[in-house]
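Some notes on the structure that comes next.
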Amino acid sequence: MISPALLVHRPHGIEHPYATSLDQRIPVQPLTGESVHLGVQALADLESVTCEWVPATGAATTFALAPHEADAADAAALAGGEGHLAAAQAASLGGDGGWAGQSPSVEDGAGYRYRFHATARDGATQTTDWYAVAPARWVADLPAGLAATLTGADARLVAGSVEWLVTDTSVQRVRFALALSEGDHVVGFGERFDHLDQAGRRLDVVVFEQYKSQGAHGRTYLPMPFAHVVGADGSTWGFHLRTTRRSWYDVGVSTPDRLVVEVALGGSASESLDVGLYDGDPTAVLRSFLDEAGRAEELPSWVFRLWASGNEWNTQDLVTARMDTHRELDIPVGAIVIEAWSDEEGIMLFRDASYTSRPDGSPFSADDFTFASDGAWPDPKAMVDDLHSRGIKVILWQIPLLKTAQSEDGLHEQVLAEGEAMVREDHAVREADGAAYLNRGWWFPKSLMPDLSVQRTRDWWTAKRDYLVRDLGIDGFKTDGGEHAWGHDLRYADGRKGDEGNNLYPVHYARAFGDLLKKHGKAPITFSRSGFTGSQAHGVFWAGDEDSTWEAYRNSVTAGLTAASCGIVYWGWDIAGFSGPVPDPELYLRAVGASAFMPVMQYHSEFNHHQLPLRDRTPWHVAEQTGDERVVPVFREFAHLRERLVDYLTEQAAVTVSTDRPLMRALFFDHPGDAAVWEHPRQWMLGADLLVNPVTSEGAVEWATYLPAGQWVDVWTGEVHEGGRVVERKVPIDEVPVYCRAEAWDSRAAIFAGR
């Protein structure tokens, strides 16, 4: 008779990169001499749990586990923190709490087996399978039977710093140090919210959905194992770890003259890591990196117009009404992002559409649907045509997940058929045992995930959305999510396991939808928040989910500059944040002004269950909620200024694509030897000619800007300033400190003459 399932133990747990779950071993890979915390998740009301602990040599022991609750911070992280979907993830974790105990210390050279025995209060019992664990140790010289190489780093490598984390049969990690000089600044590692310069800080590189407060946590949707090093003397170089696995960095914290790097390896008996070192100025360093990673292509000029969206614009009437109000208030819009259009089960069919189900999961055409005249979307094609007639492009929201019966009750027949087809036809990401992977993250928990690592599944997945582009004329896709692959031993069809494939998932995802658009003669406009090395070549990005606070505003500016330093060209953020009550007028308008001088200008608001007052970030709604009559006219001024900037941005983006000099770039790119630029980390050059220094503090009346060498013209007053110094100016709410290079002013002045 099979014993009932009373508990579960997974040595790696849920594999949240920053939190531990009740059912895991901590540490997963213990070092020699460490004791191991062993946890189980209780699936029933348990009377007792014991662990049978058996060393490879020596006597076995048995010890009792005690009831154990998750750390409060870990529990919040596993549930996604606060937010409208956190409760769903908390419920999905299930179980009746946990039990935990501490093992004896693990000794060098010895392996261990362990298993658990559980007794429920009703008398039921369970004995688990055996689990194995072997201690690891850091060594400079590899023991016999193991082989590993580190190549490419010799020119910067600190002698004697290379160490390997090994067990008796495997190489798990490598650790080494690159030499730093006093005063070095280190910028990069993908999109970073906390600081432009990471010198003196620790961080890691792993794709992760940090729902809000990325700056406080040091986490990011879009990491890369690449960075610039800029010396106090203006010397510059850069490095790239040619790996897709997780890596960690100590940037002069433990030892000021060392950048200590630690990298996960494959865990076999023979491993290697290659490091790319690049010399030259920051643009040359970036060019060398992009030669390997791939670079952006020129996108159409409409990308530089205002983008508008709200998560509660969930009917055709609401979409039309919002765009009507834009027109009535003379606030031009270039693109609308419609998020709440689908059934949110498979993210492929308009909500309220009537159709005959297809049990085989084959794609639909627009002619297969009928729409009720009183439904949410009575005529999507007519809506798209109407928006196009107004000069507005249409972008639909996506997420690379498919709900299942395990994730939710009462699902449509069609989404269940799609899931069956995904598994049957081998299009799903797999667990190590071959079972279809079910999302472990807090958002859309237990959903299936298509294996987009190979072309056959990219084609299969996007074919279901083909009609949206071919028949309805959709212009792009908001490729949201992409961070849901948790598990070191997941299996991808391209041959990678999770430890080396998970970070690449968002790259494949954006590529898939870009290819769908190109197939129908459209520009590959994808709008992503997550990515990794290689994402540079795939579409447009935004900074992800943030609150409407001054801190989040400052952090988002930093995110844009660090992303650009790694080759992300088309980037924006949710103006003044998308979550929480509407921002106050000052924050909102300061953020609008800053966004007018970023590569992408767009506003968005979070789903709030249609509770009143609404949380739309439309300018008129902010005005209504705050009673500030300045909001609409100032927003209108900036929106029209943005229209006049489109030609400049299009021209300068083409220069960026051809030269790799970032469109939105921190001042060190042009002035690496100027120590003063590091004291002004939120200033940037927009293209060749405009220096932007947004007001990012509440209550500012005057604002100081550092002008590098040369002559600069205040674009609002025409006043000429000598560079190499800080200048101050008054900052009324309708002006952003922007200065133009004096030699370019004659050709750029018309942009600002329309105020």
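Could you check the stretch 18-86 for strands (runs of 3 or more DSSP E) lying wholly inside it with 2 or more residues that are of a type in the set (Val, Ile, Thr) and touching a residue at least 60 places away in the same chain (Cβ under 8 Å)?
Because the criterion is at least 2 residues that are of a type in the set (Val, Ile, Thr) and touching a residue at least 60 places away in the same chain (Cβ under 8 Å), the strands (runs of 3 or more DSSP E) in the stretch 18-86 that meet it are 46-55.
Out of curiosity, is Glu698 of a type in the set (Asp, Glu) and either part of a helix (DSSP H, G or I) or closer than 27 Å to Gly391 by Cβ (or both)?
no
Among the numbered criteria (1) within 22 Å of the chain's Cα centre (by Cα); (2) outside the structural domain of Glu624 (by TED's automatic domain parsing), which single criterion is violated by Trp307?
Condition not satisfied by Trp307: (2).
Looking at (1) part of a loop (DSSP other than H, G, I, E, B); (2) in contact with an Asp or Glu (Cβ under 7 Å, 6 or more places away or on another chain); (3) over 18 Å from Ala153 (Cβ atoms), find the lone condition where Arg202 falls short.
(1)
For the stretch 230-250, how many residues are within 22 Å of the chain's Cα centre (by Cα) and either crowded, with 20+ Cβ neighbours inside 10 Å or polar (S, T, N, Q) (or both)?
The total comes to 9.
What number goes with the only condition from (1) at pLDDT 95 or above; (2) farther than 25 Å from Ser235 by Cβ; (3) surrounded by fewer than 17 Cβ atoms within 10 Å (Cβ to Cβ) that Tyr112 does not pass?
(3)
Going through the stretch 527-556 one residue at a time, which ones are of a type in the set (Val, Ile, Thr) and surrounded by fewer than 24 Cβ atoms within 10 Å (Cβ to Cβ)?
Across the stretch 527-556, the qualifying residue is only Thr549.
Hey, which of the strands (runs of 3 or more DSSP E) in the stretch 701-755, taking only ones fully inside, have at least 3 residues that are touching an Asp or Glu at 6+ places or on another chain (Cβ under 8 Å) and of a type in the set (D, E, K, R)?
Because the criterion is at least 3 residues that are touching an Asp or Glu at 6+ places or on another chain (Cβ under 8 Å) and of a type in the set (D, E, K, R), the strands (runs of 3 or more DSSP E) in the stretch 701-755 that meet it are 725-730.
Yes or no, residue by residue, for (1) in contact with an Asp or Glu (Cβ under 8 Å, 6 or more places away or on another chain); (2) surrounded by fewer than 24 Cβ atoms within 10 Å (Cβ to Cβ); (3) in the same structural domain as Pro694 (by TED's automatic domain parsing):
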site: Ala594; (1), (2), (3): no, no, no
site: Met601; (1), (2), (3): no, no, no
site: Phe607; (1), (2), (3): yes, yes, no
site: Leu614; (1), (2), (3): yes, yes, no
site: Arg617; (1), (2), (3): yes, no, no
site: Trp620; (1), (2), (3): no, yes, no
site: Leu641; (1), (2), (3): no, yes, no
site: Gly673; (1), (2), (3): yes, yes, yes
site: Ala676; (1), (2), (3): no, yes, yes
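Of a type outside the set (A, V, I, L, M, F, W, C), more than 30 Å from Glu413 (Cα to Cα) and part of a loop (DSSP other than H, G, I, E, B): does that describe Glu312?
No, not satisfied.
Please enumerate the residues belonging to the stretch 530-566 that are farther than 22 Å from Leu667 by Cα and of a type in the set (Gly, Ala, Ser).
Ser530, Gly531, Gly534, Ser535, Ala537, Gly539, Gly544, Ser548 - these are the residues of the stretch 530-566 that are farther than 22 Å from Leu667 by Cα and of a type in the set (Gly, Ala, Ser).
Go over the candidates Leu667, Leu614 one by one and state the one that is farther than 30 Å from Glu312 by Cα, in contact (Cβ under 8 Å) with a residue 40 or more places away in the chain and either touching a helix residue (DSSP H, G or I) at 6+ places or on another chain (Cβ under 8 Å) or not aromatic (Phe, Trp, Tyr) (or both).
Checking each option against the conditions leaves just Leu667.
Testing Gly482 on (1) out of contact with any Pro (no Cβ under 8 Å at 6 or more places or on another chain); (2) buried (at least 24 other Cβ atoms within 10 Å of the Cβ), one condition comes back false. Which one is that?
Unmet for Gly482, out of (1) out of contact with any Pro (no Cβ under 8 Å at 6 or more places or on another chain); (2) buried (at least 24 other Cβ atoms within 10 Å of the Cβ): (1).
The values are calculated or read from the model by the stated rules, or taken from the named source; none is laboratory data. Please read all numbers here as calculations on a predicted model, not as lab measurements. Here the Cβ is made from the backbone with ideal geometry for all residues, glycine too, and neighbour counts use every protein chain on show.
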